[in-house]
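Novice: Below is a structure I'd like to ask you about.
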Amino acid sequence: MTVDVRRHAATGVAVVTLDRPHRHNALDGPTITALVAAWREFRHDDGVRAVVLTGAGDRAFCTGIDRGLDVPQPPSPYSMDDPLLAVGPKANDLWKPVIAAVNGMACGGAFYLLGEADFAVADEHATFFDPHTTYGMVSAYESVYLAQRMPPGEVARLALMGAAERVSARRAQESGLVSEVTAPGGALAAAVRCAETIAAHPTEAVQGTVRAVWSATEAARSRAFAQAPHLIALGNLPPERQAELFASRPAKDFRVR
């Protein structure tokens, strides 16, 4: 099991845990499939009125797509297959509130999930970074999601610094990516408390509010996403060169901001 789903009938809260701590909760094929299935199942479950998303262990919330996952691409530069485009709750038409509880690292493709969460709570030791540019890849969808939450200059710095710099939980809160920072180990409990409060409100009003907030940035996001495949096709290094850069990365060579 790569995704653990626990429903709490008394409170109306479901806790979804990415359960691959040995791979820093990276998203492989079965994990993506299980997440999509969970989001779509919650649409029909009146007993679930709010959701908390977190990662197993204390080292990582999620480190994006698993590098062992092979995603064959069509030969046309006008087409691209991205398995993470359908991994989030909004992409699966779920308008029940989703709160992210971030523990440890959140990087790269994790921003597909954070970008579709309604807000995030983070442990004090959580860090955020996007290594795409370091390894010869365009940060396109990730940067678009981040730009819905953070000032453009903050997004540019996070994306362009790549693996050389990690954003602390405190800095993430200051720049709008995180709404609350807790003591180490406290993010999940804080997120669950928020979810329980929200789940106690009339569900029609809650879901309508989720949809309204999402609609505020939906048009700009859709237009930006339309450019992303072309930017990736133009800017990404060949896969073998990306692999060389990834293999040559130092064990630890970054600063936390």
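The values are calculated or read from the model by the stated rules, or taken from the named source; none is laboratory data. What you are looking at is a predicted structure, and each value in this text was computed from that prediction instead of being measured. Heads up, the Cβs are rebuilt from the backbone with ideal geometry, glycines too, and the neighbour counts pull from every protein chain shown. For the accessible areas, the whole protein counts, side chains as well, though only heavy atoms, and no ligand, DNA or RNA atoms are used. Shrake-Rupley method; radii C 1.70, N 1.55, O 1.52, S 1.80 Å.
Novice: Across the range 224-242, what is the number of residues that are among the polar types (S, T, N, Q) and modelled with pLDDT of 90 or more?
Specialist: Step one: filter the range 224-242 for residues among the polar types (S, T, N, Q), giving 227, 236, 242.
Next cut, modelled with pLDDT of 90 or more only: 227.
The qualifying residues number 1.
Novice: Going by what's in this entry, would Asp70 be described as closer than 20 Å to Val121 by Cα and at pLDDT below 95?
Specialist: No.
Novice: Within the range 179-219, which residues are more than 17 Å from Val13 (Cβ to Cβ) and buried (at least 19 other Cβ atoms within 10 Å of the Cβ)?
Specialist: Those that are more than 17 Å from Val13 (Cβ to Cβ) and buried (at least 19 other Cβ atoms within 10 Å of the Cβ): Val181, Thr182.
Novice: Kindly provide the set of residues from the range 28-60 that are under 17 Å from the mean Cα position of the chain (by Cα) and in a strand (DSSP E or B), ordered by number.
Specialist: Val51, Val52, Leu53, Thr54, Gly55, Ala60
Novice: May I ask you to list the residues in the range 28-60 that are out of contact with any helix residue (DSSP H, G or I) (no Cβ under 7 Å at 6 or more places or on another chain), crowded, with 19+ Cβ neighbours inside 10 Å, over 17 Å from Ala195 (Cβ atoms) and in contact (Cβ under 8 Å) with a residue 40 or more places away in the chain?
Specialist: Leu35, Ala60
Novice: Please list, ordered by first then second residue, the pairs with beta carbon atoms under 6 Å, 6 or more apart or interchain, first in the range 1-15 and among the aliphatic types (A, V, I, L, M), second in a strand (DSSP E or B) and open to solvent by 30 Å² or more (accessible area, probe 1.4 Å).
Specialist: Going by the 6 Å Cβ cut-off, the qualifying pairs are Ala14/Arg7; Val15/Arg6.
Novice: All but one of (1) in contact with a Pro (Cβ under 8 Å, 6 or more places away or on another chain); (2) at pLDDT below 95; (3) open to solvent by 30 Å² or more (accessible area, probe 1.4 Å); (4) not acidic (Asp, Glu) hold for Ala164; state the number of the condition that does not hold.
Specialist: So the condition that Ala164 fails would be (1).
Novice: Can you find a residue that is surrounded by fewer than 24 Cβ atoms within 10 Å (Cβ to Cβ), small (Gly, Ala, Ser) and outside any helix (DSSP H, G or I) anywhere in the range 127-150?
Specialist: Yes, there is a match, as at least one residue in the range 127-150 is surrounded by fewer than 24 Cβ atoms within 10 Å (Cβ to Cβ), small (Gly, Ala, Ser) and outside any helix (DSSP H, G or I).
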